[in-house]
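A quick write-up on the structure given underneath.
The values are calculated or read from the model by the stated rules, or taken from the named source; none is laboratory data. Model, not experiment: these values are computed from the prediction. Reconstructed Cβ throughout: ideal geometry from the backbone, glycine too, with neighbour counts over all protein chains shown.
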Amino acid sequence: MGHIRLGTLARSKKWRAVIELLDSNASISEIAEAAARASDRDLARASKDDLFQFVSNLLVVLPHKARSPDYHGYMDDLGIDAQALGSVSQLLAGLGNAVDDYEFQTGRSSDAGEMAKAALLESLSVQLRGRLPTLFEPTPAEIRKALASFSSGQSFASLARDFFARLSYRSLDCYLSRELANHTGADKRFASDADRVQFDRDLAQNIAP
């Protein structure tokens, strides 16, 4: 099984600019903006990745299928049985398995696809639970209704923004995590691992959905 990795940034001019900012006293927002610009090309390339496209298709199609009579048939085709549709956690687990099955069937995996999968499951978890009752376990019908609500323009835009924000953070983290160790230690940007961890937290807040 082949695995397509992200990894062109370290040699790019834009990525060298990010490294220079890390060596300076640049703010978190400046570094985040520069890193986002540096990762744009690889994210654009990722949009042509088969696994990434499969996950993106789920993002778009799921809400519309939840509104259609074909909802259960579509879920069954994904390998998600009726019992799993009665729990958000089981639904998300089923979607994760569907992505894994597609990856296995095609014989290809990719960093972009794995990051998109994680971003999709996180977004659906947060967004669905925000539309479901909190005092009692939601019913299958309530979960379906909440999922279907994302088929409208504004609601889908909110879900998509959340997804791409999480995807962007994971992309930035993928690259920055490789570089930050080189900037940790005496007389460097991060005096300790604790400082570097705090930087990661600040970065996540800076581009939070």
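Here is a yes/no grid of residues against (1) under 13 Å from the mean Cα position of the chain (by Cα); (2) more than 23 Å from Asp81 (Cβ to Cβ):
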position: Met115; (1), (2): yes, yes
position: Arg129; (1), (2): no, no
position: Leu135; (1), (2): no, yes
position: Ser158; (1), (2): no, yes
- Message: I'd like to verify a number: residues in the stretch 139-173 that are modelled with pLDDT of 90 or more and either on the phi > 0 side of the Ramachandran plot or in a loop (DSSP other than H, G, I, E, B) (or both), how many?
- Response: 1
- Query: Can you find a residue in the stretch 46-56 that is part of a helix (DSSP H, G or I), within 17 Å of the chain's Cα centre (by Cα) and without any contact (Cβ under 8 Å) to a residue 12 or more places away in the chain?
  - Reply: yes
- Message: For Ile80, only one of the following conditions fails: (1) of a type in the set (A, V, I, L, M, F, W, C); (2) touching a residue at least 24 places away in the same chain (Cβ under 8 Å); (3) outside any helix (DSSP H, G or I). What is its number?
- Response: (2)
- Task: Determine which single condition Phe190 fails, assuming it passes every other condition in (1) of a type in the set (Phe, Trp, Tyr); (2) more than 30 Å from Asp81 (Cα to Cα); (3) surrounded by fewer than 17 Cβ atoms within 10 Å (Cβ to Cβ).
- Result: (3)
- Task: Answer yes or no as to whether Met115 is at pLDDT 95 or above and assigned to a helix (DSSP H, G or I).
- Result: no
- Output the number of residues of the stretch 44-62 satisfying the condition of being at pLDDT below 80 and touching a Phe, Trp or Tyr at 6+ places or on another chain (Cβ under 9 Å). 1
- Task: Go through the stretch 89-101 and count every residue that is more than 19 Å from Asp70 (Cβ to Cβ) and either aromatic (Phe, Trp, Tyr) or buried (at least 20 other Cβ atoms within 10 Å of the Cβ) (or both).
- Result: 1
- Working carefully through the options Ser177, Ser171, Ser149, Ser192, find the one that is among the hydroxyl-bearing types (Ser, Thr, Tyr) and under 16 Å from the mean Cα position of the chain (by Cα). Ser171
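Among the candidates Leu180, Leu176, single out the residue that is more than 30 Å from Leu59 (Cα to Cα), assigned to a helix (DSSP H, G or I) and touching a residue at least 40 places away in the same chain (Cβ under 8 Å).
Working: Leu176 fails: more than 30 Å from Leu59 (Cα to Cα).
One residue alone meets the criteria, Leu180.
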- Task: Determine whether Phe150 is within 20 Å of Ser56 (Cβ to Cβ), hydrophobic (A, V, I, L, M, F, W, C) and touching a Pro at 6+ places or on another chain (Cβ under 7 Å).
- Result: yes
- Message: Taking the criterion of being at pLDDT 90 or above, part of a helix (DSSP H, G or I), under 19 Å from Val60 (Cβ atoms) and among the small types (Gly, Ala, Ser), would at least one residue in the stretch 96-111 satisfy it?
- Response: yes
- Right, Val18: modelled with pLDDT of 85 or more, part of a helix (DSSP H, G or I) and of a type in the set (A, V, I, L, M, F, W, C) or not? no
